[in-house]
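The values are calculated or read from the model by the stated rules, or taken from the named source; none is laboratory data. Not measured: the values here are computed from a predicted model. Here Cβ is always computed from backbone atoms with ideal geometry, including for glycine, and neighbour counts include all displayed protein chains.
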Amino acid sequence: MHSLIRAEAAKADHDRRLSPAVVAALVEAGATRMLAPASLGGGEVDLPSWVVAIEDLARADGSAGWTAMTTSATSSLAWYLPPDTATEVFGSPKSVIAGTAAPVGVVVAADGGHHVTGRWGWGSAVPLCDWVVGGAMTPDGPRLMIFPSADVTVHDTWHATGLRATQSHEWEVADAFVPARRQVWPPALRVPGPLPAFPFFAFLAVGVAAVALGIAARSVEEVEALAVTKTPQHGRGLLAEEADAQRDLGTAEARLSAARAFLRAEVAARWAAAVAGTPSTPQDRARLRLACSHAAAEASSITRLAFDVGGGTSVFESSPLQRCLRDAQVAAQHAMVSRRLFETYGKVKLGVPTDTTRL
């Protein structure tokens, strides 16, 4: 699967969508349902293993890794649904689900549920989905509404500089009825099991960080391969023989390894606590989110460094280095890994009052 993803990455970037073959490979491999329960055909993967799997897929192609990340993260909703609804949504082994959690939907109460109208952005992988999740605010608080894809209209708005094949378009529903059994707000529920005990809002942040690290790892790999074949213009030998390139490559590898280690250590600690049934503190969650934001910021910087080492070769569409740079920068712009999380961590660490409900 990884070799197929690599082979088709440039075309996917050009076409602004993953090929049917890549999508089919992701679904067949279970990459879109990694966090769903095994009883529903999901992978029921532990979070430390999930981070490794997502980084590996993103190393093959950022958009493919992102698609696997957002769909498999959303598949975790299966843990929170009533059994009949979970079977309805996830019963088919090829069922794919994704969406947008922002509670922008407008609801009107109806017998047995709500009619929902709204238009959401950042709908990564929604065109590939059988079911789509959209956040809405009800009189009782926020809810994640689960719509069948037949209720969803996708608008071709994802004309972005990076992660171009994620199809993160805007999408909408108009007066779609959602029964109460297909409405959920995971942070308000207490469901047995380690995965539901993991901080819910951190799923996406951890996934974005893992994608960013995979892209950065690919950029380092690409510049290593380039350095042993390229003789720079006006150079006296191979790029690999230049001290600046050697120094920059060492710096890139050190920063990548450090960011990866920080993220994986925090995920492992929070996962161990979830397995043990130990509630996480605001300090725990803030440090996890700090690791996520740090990973994304470092990935963007590392890919820039690799791009610079590649010199003029990097600017051509045929070079994966330019795609890595664009993909990593777009990933780092995601709100879940915003640099504001550095400030949030500082406030929590120093005891300064701040909102920690979405950590």
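Here are the numbers:
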item: Within the range 1-40, considering residues that are within 29 Å of residue 316 (Cα to Cα) and of a type in the set (Val, Ile, Thr), the one surrounded by the fewest Cβ atoms within 10 Å (Cβ to Cβ); result: 23
item: Members of the range 229-276 found to be over 30 Å from residue 50 (Cβ atoms) and of a type in the set (Asp, Glu), listed by number; result: 241, 242, 244, 248
item: Flag if residue 95 is within 20 Å of the chain's Cα centre (by Cα), more than 22 Å from residue 206 (Cα to Cα) and either in a loop (DSSP other than H, G, I, E, B) or not acidic (Asp, Glu) (or both); result: yes
item: Which listed residue, of 191, 178, is aliphatic (A, V, I, L, M) and in a strand (DSSP E or B); result: 178
item: Exclusive hit being over 25 Å from residue 351 (Cβ atoms) and touching a residue at least 12 places away in the same chain (Cβ under 8 Å), set 283, 246, 233; result: 233
item: Lone qualifier among 275, 206, 223, 211 - being part of a helix (DSSP H, G or I), within 21 Å of residue 357 (Cα to Cα) and not assigned by TED's automatic domain parsing to the domain that holds residue 162; result: 206
item: Only one of 212, 180 that is surrounded by fewer than 22 Cβ atoms within 10 Å (Cβ to Cβ), modelled with pLDDT of 95 or more and of a type in the set (A, V, I, L, M); result: 180
item: Close pairs (6 angstrom Cβ cut-off, 6 or more residues apart or separate chains): within 18 Å of residue 33 (Cβ to Cβ) in the range 83-110, among the basic types (Lys, Arg) and in a helix (DSSP H, G or I) anywhere; result: 85/181; 85/182
item: Selection status of residue 346, outside the structural domain of residue 159 (by TED's automatic domain parsing) and touching a residue at least 24 places away in the same chain (Cβ under 8 Å); result: no
item: Flag if residue 308 is touching a Lys or Arg at 6+ places or on another chain (Cβ under 8 Å), surrounded by 14 or more Cβ atoms within 10 Å (Cβ to Cβ), acidic (Asp, Glu) and assigned to a helix (DSSP H, G or I); result: no
item: Unique residue being at pLDDT 95 or above, among the β-branched types (Val, Ile, Thr) and farther than 26 Å from residue 193 by Cα when the list is 45, 52, 23, 27; result: 23
item: Residue check for residue 299: outside the structural domain of residue 62 (by TED's automatic domain parsing), crowded, with 18+ Cβ neighbours inside 10 Å and closer than 30 Å to residue 7 by Cβ; result: yes
item: The range 207-250, residues that are of a type in the set (Val, Ile, Thr) and in contact with a Lys or Arg (Cβ under 9 Å, 6 or more places away or on another chain); result: 215
item: Any chance residue 176 is assigned by TED's automatic domain parsing to the domain that holds residue 324 and either over 21 Å from residue 338 (Cα atoms) or not β-branched (Val, Ile, Thr) (or both); result: no
item: Top-ranked residue of the range 246-271 - restricted to ones that are among the small types (Gly, Ala, Ser) and under 22 Å from the mean Cα position of the chain (by Cα), ranked as surrounded by the most Cβ atoms within 10 Å (Cβ to Cβ); result: 259
item: Residue within the range 96-110 that is closer than 22 Å to residue 4 by Cβ and either β-branched (Val, Ile, Thr) or surrounded by 19 or more Cβ atoms within 10 Å (Cβ to Cβ) (or both) present; result: yes
item: Selection within the range 1-18 - within 21 Å of residue 158 (Cβ to Cβ) and under 19 Å from the mean Cα position of the chain (by Cα); result: 5, 9, 12, 13, 16, 17, 18
item: Some residue of the range 146-160 being over 29 Å from residue 117 (Cα atoms), outside any strand (DSSP E or B), in contact with a Gly (Cβ under 9 Å, 6 or more places away or on another chain) and outside the structural domain of residue 345 (by TED's automatic domain parsing); result: no
item: Filter result for residue 73 (part of a helix (DSSP H, G or I), modelled with pLDDT of 95 or more, farther than 19 Å from residue 23 by Cα and in contact with a helix residue (DSSP H, G or I) (Cβ under 6 Å, 6 or more places away or on another chain)); result: no
item: Pick from the range 194-203, criterion assigned to a loop (DSSP other than H, G, I, E, B) and hydrophobic (A, V, I, L, M, F, W, C), ranking: farthest from residue 98 (Cα to Cα); result: 198
